[in-house]
């Protein structure tokens with residue numbers, strides 16, 4: 001579990017150039033869209049949620065379109 005946490009923290013800091021202690025949710029989805037990991041920091045430590053779909057895929061918003 002620590003390996004996953006440290007890997008995601010590294011992605012947030014080095015790849016996304018974001019502050020993992022900001023309180024924002026960081027969402028990661030695999031290429032097949034069957035596994036989602038959400039990283040969040042609260043006052044007492046990190047929260048890490050996993051969701052693996054048994055059937056179907058996650059429906060994600062189009063990241064290339066402009067938001068309203």
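Is one or more of the residues making up the stretch 12-24 surrounded by 11 or more Cβ atoms within 10 Å (Cβ to Cβ), free of Cβ contacts under 8 Å to residues at least 24 places away in the same chain, in a helix (DSSP H, G or I) and out of contact with any strand residue (DSSP E or B) (no Cβ under 7 Å at 6 or more places or on another chain)? Among the residues of the stretch 12-24, at least one is surrounded by 11 or more Cβ atoms within 10 Å (Cβ to Cβ), free of Cβ contacts under 8 Å to residues at least 24 places away in the same chain, in a helix (DSSP H, G or I) and out of contact with any strand residue (DSSP E or B) (no Cβ under 7 Å at 6 or more places or on another chain), which makes the answer yes.
Of the residues in the stretch 57-64, none is free of Cβ contacts under 8 Å to residues at least 24 places away in the same chain and either in contact with a helix residue (DSSP H, G or I) (Cβ under 9 Å, 6 or more places away or on another chain) or surrounded by 10 or more Cβ atoms within 10 Å (Cβ to Cβ) (or both). Residues of the stretch 28-56 being surrounded by 13 or more Cβ atoms within 10 Å (Cβ to Cβ) and without any contact (Cβ under 8 Å) to a residue 40 or more places away in the chain, which ones? If the condition is that a residue be surrounded by 13 or more Cβ atoms within 10 Å (Cβ to Cβ) and without any contact (Cβ under 8 Å) to a residue 40 or more places away in the chain, then 28, 29, 33, 34, 35, 36, 37, 38, 39, 40, 41 are the ones that fit.
Each value in this text was obtained by applying a stated rule to the coordinates, not by laboratory testing. Predicted model, so just to flag it, every value in this text is computed and none were measured. Ideal geometry is used to build each Cβ from the backbone, glycine not excepted, and the neighbour counts take in all protein chains shown.
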